[in-house]
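Asks: Below is a structure I'd like to ask you about.
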Amino acid sequence: MEYRENEWAEKGEKRRITKQWVPLARISPYLIKAVLIAEDDKFWKHEGFDYESIQKAIEKDLQAGRFKFGGSTISQQLARNLYLSPEKSLLRKAAEAVLTWKMERALSKKRILEIYLNVVEWGEGIFGVEAAARHHFGKSARDLSPQEAARLAAVLPNPRRYNPAGEQKYVVNRARSIYNIMVKRGVVTPEYEEIPGSIKDISP
C-alpha cells in the first residue's frame, strides 16, 4: 500500500487507498476456494514453497530468456506484499524466501490466508477482498457468489490490468476455468448454488 501511495505521489496523482479488514470467517468460502485453485493449489500441504511450480517457472524463464520469477505460493506473495517491493531481482527473491520460511513457522495456515486476502491488491489502490467485493460487485465478501469469486481470483496475476467485473477475454476464460474446477471438486453444485450449506469447509 505504501509503495502504491509513493508511486502516485511521484506521478502527482491524488488517489486514496481503499481497504477494509475482514476476518476469514466473514469471507465467502467460494472466494477462498477460488483463490487457492488459482494461486496456490497445494497451499495446505506445502511449507511455504511449491518446488515443482518453481522449477516449471524457471524452465519457462530460461526458454523465454528473461526472469519473471513465477511459481510463487500464497505465503511467498504475502511476504513480498508485507515487507518487500514489487521489483524483480535475485536479492529480493532471496529475502522473500527467508521471510516466507519464518512466516510459515510463526503463523498458522489459516492466519496466513486471512492476512493475504486482506492485503492483496484487487485493482488500482483497492486492497483486500472486502474492498474488492464492494467495489466490483457492490456486496460484502461473505456474499460473493461462485462466479464472482472465480472472477476475483482470475485477475490476481495482474489486478491493475484486468477488471473482475468486466468482459475481457482473459478474465472470462480464466474465471470459467476456475469455476469449472470448483464444480468438478464438488465445491459448487450449479443447480443448488444458492442453497445455504451447499459448500464444503475451506480446509482440506
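Asks: Under 9 Å by Cβ, and 6 or more places apart or on different chains, what pairs join a residue from region 18-41 that is in contact (Cβ under 8 Å) with a residue 40 or more places away in the chain with one that is part of a helix (DSSP H, G or I) and among the aromatic types (Phe, Trp, Tyr)?
Replies: What qualifies is Ala34/Tyr179; Val35/Tyr116; Glu39/Tyr116.
Asks: Consider only pairs whose beta carbons are under 6 Å apart and that are at least six residues apart or on different chains; among these, list those whose first residue lies in region 155-166 and is on the phi < 0 side of the Ramachandran plot and whose second residue is assigned to a loop (DSSP other than H, G, I, E, B) and of a type in the set (Phe, Trp, Tyr).
Replies: Here the result reads Val155/Tyr162; Pro159/Trp122, each pair linking region 155-166 to a residue that is assigned to a loop (DSSP other than H, G, I, E, B) and of a type in the set (Phe, Trp, Tyr).
Asks: Another question, then. Out of all the residues in region 18-45, which are surrounded by fewer than 18 Cβ atoms within 10 Å (Cβ to Cβ) and either at pLDDT below 85 or aromatic (Phe, Trp, Tyr) (or both)?
Replies: Matches in region 18-45: Trp21, Trp44.
Asks: Here is a follow-up. Output the number of residues of region 117-154 satisfying the condition of being under 14 Å from Asn81 (Cα atoms) and without any contact (Cβ under 8 Å) to a residue 60 or more places away in the chain.
Replies: Qualifying residue count for the region: 2.
The values are calculated or read from the model by the stated rules, or taken from the named source; none is laboratory data. Please read all numbers here as calculations on a predicted model, not as lab measurements. Every residue, glycine among them, receives a Cβ derived from its backbone with ideal geometry; neighbour counts consider all protein chains shown.
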